Amino acid sequence: MSKEKDTSKLWGGRFNEATDAFVQRFTASVGFDLRMAVQDIEGSLAHARMLHSVNVLTPAELEQIEGGLTQIRQEIDAGNFQWSIEFEDVHMNIEARLTALIGVAGKKLHTGRSRNDQVATDIRLYLREAIDRIAGELTRLQHGTIELAAAHSATIMPGFTHLQTAQPVVFGHHLLAWNEMLERDYGRLVDCRERLNQSPLGAAALAGTTYPIDRVHTAAALGFDKPTENSLDSVSDRDFAIEFCAFSALLMTHLSRMSEELVLWSSAQFNFIELPERFCTGSSIMPQKKNPDVPELVRGKVGRVNGHLIALLTLMKSQPLAYNKDNQEDKEPLFDTIDTVFDSLRAYADMVPAIKPRAEIMYEAARRGFSTATDLADYLVRLGLPFRDAHEVVGKAVAHGIECGKDLSEMSLTTLQSFCADIREDVFDVLTLEGSVSARNHLGGTAPDQVADAVLRARSRLQARQTP
Ligand code: ARG
């Protein structure tokens, strides 16, 4: 069924038939890309000023465009802007409004530009701002983690492998392990920002433009380090969005691992920490419950972030150069990733400094699990036994301990000597938890002195960060 020509479309010239009403809704992106309105206006202002500088726009036309875009910005900020799917996306909504406001000069804004380089520019600007906000929250979380570690550089807890008690560590050491994961995430984020920060503006539809544009001018005006190299690549590249989602998937994986530990530790069975009530919720049926909802929810949100990474990789796979409408599908996964990562970091940055470890319970747990068995083996090695034999001797002592319900440090010297006659009274120095952690006194080890030094290094790395 053919319909009357629709004269409102900015690209309507070659069409004789109005867009199908469903297709109009199906192809519109304004419902989600209006988020980039501020960036779209900034990009347009930079483009218009550059066009004026190369004499494509007159001073009067530039003035009108600047005035119109400023008014549109105010309308958007005030919530008065009428977004319409008739104009498909954020770019054409703003352009249509500009022309409605200032007439002919508004129609000149799109000279030497395409929505293809426009949208690529807008996403980069939007993501760059989001990265800076996320970097701030990540730094805040790291700060809280490091300071909690500083307060607990001598708080002993069991260290685990296979979730079985392995060797004693200090709580601060465990927290600094989290910080290392987050430090690498920060590095990836900075790296992503650096590659992202190039201006695609001027690539136009795909091949560049016949106007004497100055791409260095627009790049500088928009805070980009430089213009992108190749016009085809400029409009088709979405690597930066994928890189950001890859950073996000890894960060969320780390937050999820931290969440898993917080959930375990705050359970009645572990009881290692207290999570403040403001980060927990109750149960509607079981009055005794205090559920660790924030860590659980963050752990659960990894799913959607991983999904968005796969969505973007799949979106780009097999796309021929240069721009394809497929790319409109990049925004929702990217925006949701930004929101999810920011909110998760915010919750964590608020919560981590408020974690209260229960030092005595952690200490007791470390004492119960034969966590100093390796220390006894190392002691025997110092007496001259080959490590494998020492391992065997200690294994027997542990088996005895399990049988009679005693930790190695609770056995008498005579009992210990029944496993190896050379053992002397000084064995009890290494069987204590304090002796065990203090003996791991080297770079990266869990000795309280080493952890205190590691805190200093972690702090100075954080201080050396340049806020973009
Ligand atoms: N809304 C589009 C997007 O998100 C803008 C670019 C459209 N370009 C085009 N040639 N149809 O990708």
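The values are calculated or read from the model by the stated rules, or taken from the named source; none is laboratory data. Just so it is clear, the structure is predicted and the values come from calculations on it, not from any experiment. When we count neighbours, we look across all protein chains shown, and the Cβ atoms used for this are built from the backbone with ideal geometry, even at glycine. Accessible surface is based on the protein model in full, side chains and every heavy atom, while ligands, DNA and RNA are left aside. Shrake-Rupley method; radii C 1.70, N 1.55, O 1.52, S 1.80 Å.
The table below lists the values:
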| quantity | calculated |
| --- | --- |
| Amide H contacts of residue 159 (H built 1.01 Å from N, under 5 Å, at least 5 apart or other chain) | 166, 167, 169 |
| Per residue value of the accessible surface for the range 398-453 (all protein chains in place, 1.4 Å probe), Å² | 53 Å² |
| Dipole axis of the chain (+1 Lys, Arg; -1 Asp, Glu on Cβ), positive-most option in 268, 464, 334 | 334 |
| FRET efficiency for residue 25 and residue 205, using Cβ-Cβ distance with R0 set to 25 Å, rounded to 0.05 | 0.50 |
| Additional length obtainable on full extension of the chain from residue 195 to residue 283, 0.36 nm per residue less Cα span | 27.0 nm |
| Sparse-neighbour loop sites [chymotrypsin sites (Phe, Trp or Tyr not before Pro); the range 1-71; at most 15 other C-beta within 10 Å; DSSP] | 11, 15 |
| FRET efficiency estimate (nearest 0.05) - Cβ-Cβ, residue 443 to residue 463, R0 30 angstrom | 0.90 |
| Under the Karplus curve 6.51 cos²θ - 1.76 cosθ + 1.60, θ = phi - 60°, whole-Hz ³J(HN,Hα) for the range 294-303, x wherever Gly or Pro sits | 5, x, 5, 5, 4, 4, x, 6, 4, x |
| Three-way shape label, the range 410-468, alpha-carbon gyration tensor, a/c 1.5 | prolate |
| Cα gyration tensor shape for the range 146-216, rounded if a/c is under 1.5, else prolate or oblate | prolate |
| Scattering curve values for the range 57-112, log₁₀ I(q)/I(0), Debye with Cα scatterers, q = 0.29 Å⁻¹ | -1.21 |
| Surface share of carbon and sulfur [accessible, 1.4 angstrom probe, percent] for the range 325-427 | 52 percent |
| Added length on full extension, which subtracts the Cα-Cα distance from 0.36 nm per residue, residue 403 to residue 314 | 26.4 nm |
| With every protein chain in place, the range 67-198: carbon and sulfur % of accessible area (1.4 Å) | 50 percent |
| Quarter of the Cα convex hull surface for the chain, i.e. its orientation-mean projected area (nm²) | 30.9 nm² |
| Distant-in-sequence amide H partners of residue 290 (H built 1.01 Å from N, under 5 Å) | none |
| J(HN,Hα) series, the range 93-107, from Karplus relation 6.51 cos²θ - 1.76 cosθ + 1.60, nearest Hz, glycine and proline x | 4, 6, 5, 5, 5, 4, 5, 4, 7, 10, x, 3, 4, x, 6 |
